[in-house]
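First the structure, in the form of structure tokens, and then the observations on it.
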Amino acid sequence: MITTLMKKNLSIALLVLVIGLPLSLLAQNRAVNRCSYVPPRHADNWFFFQNAGLRFTDATGTILNNLPNNNLPVGKGTAVYSDEDGNLLLYTDGIRVWNKNHEMINFGPNLAGDLGSTQSSLIVQNPVSKQMLYVFTTDIQYPAAFGTTKGFNYSRVDLTLGNGAGAVTTDRDINLLPKTAEMISGVKTADGNGYWVVTHGLGNNNFYAYKVDNNGVNTTPVVSSSGSSLNDDYSSREGLGAMKISPKGDRIAYASFGKGIVEVFSFNSANGTVSNPLLINPETTAPNQGPYYVEFSPDGTKLYVTVVNLSTGRENILYQYDLSNSAEATVLNESPLNADPSALQLGRDGKIYVTRYQRDEMGVIENPNRPGTYCNYKESQINLGGKRGQNGLPTFIQSFFDIPPFDYDTKCDGDETLFTIHNTANIDNASWDFGDAGNTTPGTGLNPVHVFSAPGTYNVTLTELYGGQSFTSTSQVVINQLPPKSFIPDSLYIFPGSIIPLDAGADMFDYRWQDGSNNRFYDVANPGLYVAEYTDINCCTNSDSLLVIALDISLPNAFSPNGDNLNDYFKAMGPSDGIQDYTLVIYNRWGQLVWEATNFADSWDGTYKGENAPAGIYAWYMTFNVIGNVSSIGKVKYKGSVTLLR
């Protein structure tokens, strides 16, 4: 006869976890999560003279977005700033500032820029106080009879003023330099916590880099003397021209119309210094021509320059200089293309946009990373809907265009990683080397899928094929480890009245238990299958399950140690792997201890001090802990009696 101390029926329900989409569905509907790459959207809106505009979208590409008013009728440089979702916040022509509703908010006098300045302005957002923006302005050089230049200044805009309409504050036209070239460019600092705003002096070869961080504008610049000196005499026109920093923040270039040169330098985005000048002398073909606008390719290996005729705007030359090949020059607008390309600006789609002087069409350099004419300059890609481009295009923080040639989702060990090319213009086919020694299967097409063999960093090479030519680019891909399993062991016993506190792991971004609860911790009170799914900061998801079993321990109420192999021993019966701190003691009727065990597997053979104990009734006491259980009564204690039969 068996005495059952505790016994429950265990019923286990099967749980089905959906942890991913089928590959075919994933490829059609790219799963975007918080770890997916999202291109910067701060340069999504463009407004430029004459009242023209573009907007960059994910759904429909680049679309026309002309101004609904006459805010920008005539001039050269503008600056525009949008929020992280691509919503317009602010734009300026260097003297006036408009908000997202196209309302002018520089109440009072005009700012200290000028409509005739090549790059009249740049807008920089405070990296912490997002409602604070700084409008940097450059003025032109004047003939002596017309007064003196107002130099290089900044004004602060507070978008919380005017009931959310925003306004230029009293921190207006704060002078940083008495005179500079009409040049300005900006880029993120190397640590990503601020920005550098850079201009070039006049009467010297100085670059001035001003740091903008959460404290605002540091009015003490980092000064670098490098390259050619630019004359401050108005008639020299050496201060005319544009400046750009490469999207990766490692190069800076400017064009000087009057000096007839372009110079390229190294830029250190950690400390704001400029060094290692490279002099380029673009060829001119007519009087009153000179280099004016510059722009880098997304990868920084190509520099594009327009040589313009300021008298006619019709004898302009568009050059590409291959900085990876001794600055080899290629003319991109040879006849029959028109000689009217003017301003240059990189977009977040990886293409460079080109105004054509007083034309209602814009050109596009569709593949600016490719060498020579393979960059595919097409002069009539965008119709401006009746508006005419004049000279400039908006100036932006150049880091907003530091966009890799391809992106990938998902990024975790064992996942099917989907690749997407950002700029798909002029690609007949594509091949991929995933740099994965453990899985050497190559990829093909615009959206290949690869399962990496292990976590780690891989150098993935994309080869684009077009017109019988191949163009390669390599980027690093990081595949993250899955978060570790949470439950060791994978099953536990539970004693009635106890709980088992489960922990799905520290520092996870998200938790999900089988009942839909989303806490890190879960208290188990009943037998069953418990499943936790958890996602870490890298968006890598893992799951673990724990089978909880009712603890069933029984002891016989009689035994007969007569050697017939039937009920010869007295012992506890049940799962020993669920028990710890175990004690079982037996006393005779006089209270004498006749046997003691601390190992659950031990059994009493009915002897005492080597002799057969007499038949009769014996009392037993049992105590133990159940692994993983927490009980309000502490250690489990049980007592009973057993009859020894002879």
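The values are calculated or read from the model by the stated rules, or taken from the named source; none is laboratory data. For clarity, every value in this text was computed on a predicted model and none was experimentally measured. In this analysis, Cβ positions are derived from the backbone assuming ideal geometry, glycine residues included, and neighbour counts consider all displayed protein chains. Protein only, heavy atoms only, side chains kept; ligands, DNA and RNA dropped before computing areas. Shrake-Rupley method; radii C 1.70, N 1.55, O 1.52, S 1.80 Å.
Before moving on, here are some points about what is shown:
- Rounded accessible area of LYS259 (nearest 10 Å², 1.4 Å probe): 80
- Violating pairs (Cα-Cα greater than 19 angstrom) within the set LYS150/LYS211; LYS211/LYS248; LYS188/LYS211; LYS211/LYS259; LYS76/LYS130; LYS609/LYS637: LYS150/LYS211; LYS211/LYS259; LYS76/LYS130; LYS609/LYS637
- In the complete set of protein chains, residue-level accessible area for PHE146 is approximately 150 Å², probe 1.4 angstrom.
- Mean residue ellipticity (222 nm) of the chain, computed from DSSP H runs ≥ 4 via -39,500 (n - 2.57), nearest 500: 0 deg cm²/dmol
- For the chain, the square roots a ≥ b ≥ c of the C-alpha gyration tensor eigenvalues yield an a/c of 1.5 or more together with a/b exceeding b/c, which makes the shape prolate.
- Alpha-carbon Rg with Dmax, taken over the range 37-145, Å: 14.4, 54
- Its Cα centre serving as origin, the range 285-335 has a Cβ charge dipole (Lys and Arg +1, Asp and Glu -1) of approximately 160 debye.
- Potential lengthening of the chain between ALA327 and LEU64 amounts to 91.2 nm, from the contour at 0.36 nm per residue minus the alpha-carbon distance.
- Rounded to 0.05, the FRET efficiency of the SER554 and SER517 pair, given R0 = 51 Å and the Cβ-Cβ distance, is 0.90.
- Other-chain or far-sequence residues with amide H under 5 Å of ASN51's (modelled H): LEU72
- Here LYS571 is the anchor, and the aspartates and glutamates within straight C-alpha reach of less than 15 Å, apart from those fewer than 8 places off in the same chain, are ASP552, GLU596, ASP602, ASP605.
- Close amide H contacts of TYR608 (hydrogens built in the peptide plane, cut-off under 5 Å, sequence separation of 5 or more or a different chain): ALA613.
- Rounded to the nearest 10 Å², the accessible area of ASP158 at probe 1.4 Å: 20
- When the residues ARG251, ARG34 are ordered by accessible surface, computed with a 1.4 Å probe over the protein chains alone, the sequence from largest down reads ARG34, ARG251.
- Å² per residue, accessible surface of the range 282-397 at 1.4 Å: 33
- Rounded percent of accessible protein surface that carbon and sulfur make up, the chain, 1.4 Å probe: 48
- Label zone at ALA286 (point 7 Å along Cα-to-Cβ), backbone N below 19 Å, the range 339-364: 339-344, 355-361, 363
- Sorted on the mean count of surrounding Cβ atoms within 10 Å across their residues, most packed first, peptides 297-309, 508-520 read 297-309, 508-520.
- Which of HIS422, THR62, GLY86, positive extreme of dipole for the chain (C-beta unit charges): GLY86
- Multiplying the residue separation of TYR587 and ARG34 by 0.36 nm and subtracting their alpha-carbon distance yields 192.5 nm.
- ASN565 versus ASN338: modelled label distance in nm, points set 7 Å from Cα along the beta carbon direction: 10.5
- Counting only Cβ charges, +1 for Lys and Arg and -1 for Asp and Glu, the dipole size of the chain around its Cα centre is about 1100 debye.
- In this structure, ASN599 and ARG646 have a Cβ-Cβ separation that, at R0 = 25 Å, corresponds to a calculated FRET efficiency of about 0.40.
- Rounded FRET efficiency, nearest 0.05, which uses the C-beta distance separating ILE174 from TYR142 and R0 of 22 Å: 0.60
- Tensor-based shape of the range 285-392 (alpha-carbon gyration tensor, a/c under 1.5 rounded, otherwise prolate or oblate): oblate
- With the simple spin-label model, which puts each label point 7 Å out from Cα in the Cβ direction, the ASP577 to VAL478 separation comes to 3.9 nm.
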